[in-house]
Each structure stands twice: as C-alpha cells, then as structure tokens.
1. Between residue 43 and residue 76, 0.36 nm times their residue separation minus their Cα-Cα distance comes to what?
2. Give the Cα extents of region 21-121 along the principal axes, in whole Å, largest first.
3. If I model a spin label as a point 7 Å beyond the Cα along the Cα-Cβ vector, how far apart are those points for residue 93 and residue 20 in nm?
4. By how many nm would the segment from residue 30 to residue 63 grow when fully extended, if each residue of separation counts as 0.36 nm and the alpha-carbon distance is taken off?
5. I need 76, 96 ordered by Cβ neighbour count within 10 Å, fewest first.
C-alpha cells in the first residue's frame, strides 16, 4: 500500500481516525530527536497528523499526502542509513548520534559513488592512446 492511498470512509459507516502504518511512521518521524524538519514543514506534518487522528477529518488533500509521502520516504532512508552506520561502528542505534545533516551528507556521498561507478563502467582508467608524433 502506498502512502497516497487516501482512506475514505463509506457513507453508511461513521468516519473513523486513520491509524495504520503510515500514521505510525509519521508519529515516529515527528518524535525522532535526530530527524529534524524546518518549522514550516514540521507544522504542516503536525497538522496532517492531527487531521488523520480526527474522526471527521480522515481525508487529506493530494498536496498534503505528497508532502507526507516525501518526508516519510526520506525518513525511511534515514533509518536505513542510521542502522547501517550503527552496524559499521559496532554500537547500538541509541548510542549513535546520527542526524538529518549526517543523512544528507551520506546521501550525497552515495550519489557521488554511484556516479563514479557508472562512469567507470562505461570508460576505463587507462588513458587514451596518444597519436604518434613524428618529426621528419
């Protein structure tokens, strides 16, 4: 199930608050001390969470769902890299101080490595042969 699947209540049953994995993930990212957002984004995410908790407002507009989807996708990748970093350092995740800034730096490093590997795959480290130069 994607994050864009809007939960719509049927007209015959009373509306109920959305409480699934998406909401749990949203709660988790808002509570994570290492995952920070700018104040405007945090406010919008808190409003989205409040709307999802409210029985009468369980439906969000498409722009809000896209914002929540983007932020939760970033957060899932952050958790992946934080887990990997903790394993590499041989410490529990709770002992590791890994922030959003660290995640962004790691993402840039991953992108640079991927670009380098792509370049190497289609080229060679050996220099191009120099054409013969003769003086007569």
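Only the coordinates and a few stated rules stand behind these numbers; no lab work does. On a predicted model such as this, the values are computed, not experimentally measured, just so you know. Methodologically, a virtual Cβ is constructed for each residue, glycine included, from the backbone with ideal geometry; neighbour enumeration extends over all protein chains shown.
1. Numbers: separation 33, 0.36 × 33 = 11.88 nm, distance 1.99 nm.
The residue 43-residue 76 span can extend by a further 9.9 nm.
2. 54, 34, 24
3. 2.3 nm
4. On the way: separation 33, 0.36 × 33 = 11.88 nm, distance 1.89 nm.
10.0 nm is the gain from fully extending residue 30 to residue 63.
5. Details: 76 12, 96 16.
Ranked by crowding around the Cβ, least crowded first: 76, 96.
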